[in-house]
Amino acid sequence: MKTYLIEKYGDQSAVHAAELPDPQPGPEDVLVEIHAASVNPLDFKIRDGAFKRILPYRLPLVLGNDLAGVVVRVGSSVTRFAVGDEVYARPDKDRIGTFAELIAVHQDDLAPKPAVLTMAQAASLPLVALTSWQALVEKAQVRPGQKVLIHAGSGGVGTIALQLARHLGAHVATTASAANADLVKELGADVVIDYRAQDFEQLLDGYDVVLDTLGGETLEKSLRVLKPGGKVISIAGPPDADFARELGANPLLRQAMNALSFRTRRRAKRHGVTYSFLFMKADGGQLRELTRFVDAGQIHPVVDRVFPFDRTRDAMEYAEKGRAKAGKVVIAME
Ligand SMILES: NC(=O)c1ccc[n+]([C@@H]2O[C@H](COP(=O)([O-])OP(=O)(O)OC[C@H]3O[C@@H](n4cnc5c(N)ncnc54)[C@H](OP(=O)(O)O)[C@@H]3O)[C@@H](O)[C@H]2O)c1
């Protein structure tokens, strides 16, 4: 099969096309012919080697964290999928590799593709939709009437998180550039802050939840727009002890990770709020729930541009250089 992979960590010049043997599905695996994949900032971080301590991949490594496609074979213990099913997934972090013609995915990580979407639209969703779900539903437990701030509302995560927060009945504020103000309003934002011209900290107060997609100064300021008891869930800030535990890190690494968020957690405590880091997980069950929202028209994907598979490197470069106006960059095999 044709793939896009790295043989060593590095910049975009490390990514190249290569033929690999077709994957052989294990008993619980589903072999999927990939029709579309999407690009995430995670792909660049993995390619750079930024995560090699916490995600120790064996090289060569096929890149890509999102897929939509058709089942072509099932393992002997697979009960939930059959040949010919249209599916989508964010495969487990240890079994990535969707910039390829085929992939074997554990059946627990897979869900039926939303019927109303094309393959390209479906492939844009799993990682960002699961991230939004795990942040807003699982961690923050957002309830109707709560005030929720979502940073970077026009980004891959933001475009879905805004729609989910609206669906959960929250009052939603977001940061985006002025050119994307109309889009983020359509997606569910009640308040839009142009982050290039305005300081969100001066304009917002008494929030229950912040979804921080940026880290750094944005995270620091976010602590100050919450009301006492409020929560910052960050997908871009320093890791915390819960994440280290989930990862199964050894005690030394666990301590080191916890130390990285010490300052942020101390500041949060001073403000009477809590900080937690989220590293999203593959979850076919949650993806099935999301499929229902999508098929009901409550969440729809935002796709900026679709590239053909043989231009995977261009697709990555386009996304990495921030050329997308809003939403996701997709790679389609069809
Ligand atoms: N921990 C996890 O599990 C997890 C999961 C998913 C993503 N992430 C991380 O979360 C981050 C966001 O991911 P993504 O897929 O949404 O990225 P993305 O699609 O590349 O987001 C880009 C968006 O960020 C906006 N932006 C840039 N600077 C901003 C600022 N100062 N304030 C507000 N918005 C700003 C831009 O908005 P305009 O175009 O409107 O200017 C752009 O639309 C990445 O670092 C990614 O690695 C982590």
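For the stretch 212-257, residues that are crowded, with 18+ Cβ neighbours inside 10 Å and of a type in the set (Asp, Glu) total 2. For the stretch 226-238, the tally of residues that are more than 9 Å from the ligand (Cβ to nearest atom), under 8 Å from SER276 (Cα atoms) and either in contact with a Gly (Cβ under 9 Å, 6 or more places away or on another chain) or at pLDDT below 95 (or both) stands at 0. The single condition among (1) within 16 Å of the ligand (Cβ to nearest atom); (2) assigned to a helix (DSSP H, G or I); (3) in contact (Cβ under 8 Å) with a residue 40 or more places away in the chain that ASP108 does not meet is (1).
Among the residues of the stretch 3-57, those that are away from the ligand (no atom under 16 Å from the Cβ), assigned to a loop (DSSP other than H, G, I, E, B) and without any contact (Cβ under 8 Å) to a residue 60 or more places away in the chain comprise GLU7, LYS8, TYR9, GLY10, ASP11, PRO21, PRO27, PRO56, TYR57. When the residues of the stretch 114-154 are filtered to those that are buried (at least 23 other Cβ atoms within 10 Å of the Cβ), part of a loop (DSSP other than H, G, I, E, B) and in contact (Cβ under 8 Å) with a residue 40 or more places away in the chain, the one that is farthest from the ligand (Cβ to nearest atom) is PRO114. Among helices (runs of 4 or more DSSP H) entirely within the stretch 236-333, having at least 3 residues that are without any contact (Cβ under 8 Å) to a residue 40 or more places away in the chain and not hydroxyl-bearing (Ser, Thr, Tyr) singles out 241-247, 251-260, 262-270.
Residues that are among the aliphatic types (A, V, I, L, M) and under 17 Å from HIS300 (Cβ atoms) within the stretch 137-174 comprise ILE150, VAL157, ILE160, ALA161, LEU162, LEU164, ALA165, LEU168, VAL172, listed in sequence order. If only one of VAL72, VAL83 is β-branched (Val, Ile, Thr), modelled with pLDDT of 95 or more and not in a strand (DSSP E or B), which one is it? The unique qualifying residue is VAL83. All of (1) surrounded by fewer than 19 Cβ atoms within 10 Å (Cβ to Cβ); (2) part of a loop (DSSP other than H, G, I, E, B); (3) more than 13 Å from the ligand (Cβ to nearest atom) hold for ARG166 with one exception: (2).
When the stretch 190-225 is examined, which residues are found to be more than 10 Å from the ligand (Cβ to nearest atom) and either outside the structural domain of ALA179 (by TED's automatic domain parsing) or within 20 Å of the chain's Cα centre (by Cα) (or both)? Scanning the stretch 190-225 gives VAL209, VAL210, LEU219.
The values are calculated or read from the model by the stated rules, or taken from the named source; none is laboratory data. Note that the structure is a prediction, hence the values are computed from the model and not measured. Backbone-built Cβ (ideal geometry, glycine too); neighbour counts: all protein chains shown.
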